[in-house]
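Here, each number is a calculation from the coordinates, and none is a lab measurement. None of the values given here were measured: they were computed from a predicted structure. Cβ placement follows ideal geometry from the backbone for every residue including glycine, while neighbour counts extend to all protein chains displayed.
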Amino acid sequence: MTDDTDAVPIIVGSGRSGTTWVQDALAQANGYATAFEPLHPDAEPAMAAYAGRYLRAEEDCAELKFFLEQVFSGQLRDRWITCRVRPDRLTFRMHLLSDPRAAYEWWSRWKKLTRHYIRYRRDRGKPILAKFIRANLMLPWLVRHLNVRVAAIVRHPGAVVESKLRLGGDDWEPGAVIERYRNQANLRADLLRDYGEIMHERLTPAGEHALIWCIENKLLMEQAAEWGIVVGYYEDLLDAPNEDAWWSLVKGLGLKNIPGAVLRRSASQQASQVSTERGYNSDHCGAWQSRLSQIQLDEIQRVLNSFDIEQYSMNSMFPCWRSLDQS
């Protein structure tokens, strides 16, 4: 983390960890514009090679550095980064003429683009608060090569797995993500060399998502203190009466204000329908446990054990230290 007051605050975390919620709440509370997931491989094809990429701190990636500098300065504003609508899903295709449901979804995306353009164009000229769900494995590189302050959001693996299984779709298909990780030689050498057995085991989708969580979060949690990265735990951020977790994020990112209670309870655009209707609160933490079968819970726990993850257990909806506090 840099001491430069001009440093760009960025939020990172695995998908379905609450990163959009945190980004939007902090941006609104502090008068920032948002840059949304600049490394999405389908929305930003030129950066697809860096999605989920493991980078050592000393590596030279001039192309990526230039791209992110453009994003962080506000010079690069496109339909995805600014308006959060994937351009590949806006293209008219002939099958829409015979598929009313697909045609409705296509038209809804264009209406969303219009709404978001009107909403986010007011942010022009404001400083940028960016967020990533495909940068967990390059945090030391980001800190060393760019003027940034980093906050990582970590959510219970059971909740993340359940959310991805429930939502489904090509965004959360685990096979391709695992294969991308398996094929990175430096990642295998630096992090995965001790986990070869589980990395090549035949797993169910629940186990595959748990494996992805371990890869994306184990190294992050181990490196955070060394690189000045503040870690915010999703379940702590939901604890409305306790604002300490939010103040920790604000301090680490060089911001001034924590979101008010209303903002902290507002579900993000990425949230499930249930979250949108009920808002965010501590009761939201444990719903995943009842939605997963015992077989799924056991497999997720086995994957966590194989990576020596001690912070979480499938027997508790909170991080382990929270469980002890409440016992």
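For each pair in LYS111/LYS256; LYS112/LYS164; LYS218/LYS251, compute the distance between the two Cα atoms and list the pairs where it is over 27 Å. List each step's numbers first, then the result.
On the way: LYS111/LYS256 34 Å; LYS112/LYS164 23 Å; LYS218/LYS251 23 Å.
Flagged as over cut-off: LYS111/LYS256.
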Item to check | For the chain, convex hull volume per residue from C-alpha positions, Å³ | outcome: 146 Å³
Checklist outcome for this item: FRET efficiency for ALA240 and ARG93 from the Cβ-Cβ distance with R0 = 35 Å, rounded to 0.05, comes out at 0.20
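Going through the DSSP H helices of the chain, which span 20 Å or more along their own axis at the Cα atoms while scoring at least -0.5 as a mean Kyte-Doolittle hydropathy? Don't skip to the end; give the middle numbers.
Working: long enough: 100-120 (29 Å, -1.44); 205-223 (28 Å, 0.05).
Those that pass (Cα extent of 20 Å or more, hydropathy at least -0.5) are 205-223.
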Next on the checklist: Going by average Cβ density within 10 Å per residue, which order do the peptides 74-82, 17-25 take, highest to lowest?
Outcome noted: 17-25, 74-82
Item to check | Those lysines that a straight Cα-Cα span of less than 20 Å connects to LYS65, excepting residues fewer than 8 apart in one chain | outcome: LYS131
Checklist entry - How much net charge surrounds TRP288 when only the other residues with a Cβ under 12 Å from the Cβ of TRP288 are counted, with Lys and Arg +1 and Asp and Glu -1? => result +3
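Order of CYS214, CYS320 from fewest to most other C-beta atoms within 10 Å?
On the way: CYS214 23, CYS320 14.
Ascending Cβ contact count within 10 Å gives the list CYS320, CYS214.
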Checklist entry - So how strong a dipole does region 79-170 carry about its Cα centre when Lys and Arg Cβ are +1 and Asp and Glu Cβ are -1, to the nearest 20 debye? => result 480 debye
Next on the checklist: Please give the Cα centre distance for region 184-199 versus region 20-57, rounded to the nearest Å.
Outcome noted: 25 Å
Next on the checklist: Contact order normalised by length for the chain, with contacts defined as Cα pairs under 8 Å and 6 or more residues apart; what percent is it?
Outcome noted: 26 percent
Next on the checklist: Could you list LYS218, LYS126, LYS164, LYS111 so that the one with the fewest beta carbons within 10 Å of its beta carbon is first and the one with the most is last?
Outcome noted: LYS111, LYS126, LYS218, LYS164
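Using Cβ counts within 10 Å as a stand-in for footprinting exposure, how do HIS156, HIS116, HIS145, HIS95 rank, fewest first? Before the final figure, lay out the partial values.
Details: HIS156 25, HIS116 17, HIS145 20, HIS95 9.
Fewest-to-most Cβ neighbours within 10 Å comes out as HIS95, HIS116, HIS145, HIS156.
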Checklist entry - Can you give the net charge of the other residues whose Cβ lies under 11 Å from the Cβ of ALA25, counting K and R as +1 and D and E as -1? => result +1
Next on the checklist: At R0 = 56 Å, how high is the FRET efficiency between SER293 and LYS111 if r is their beta carbon distance? Nearest 0.05 is fine.
Outcome noted: 0.90
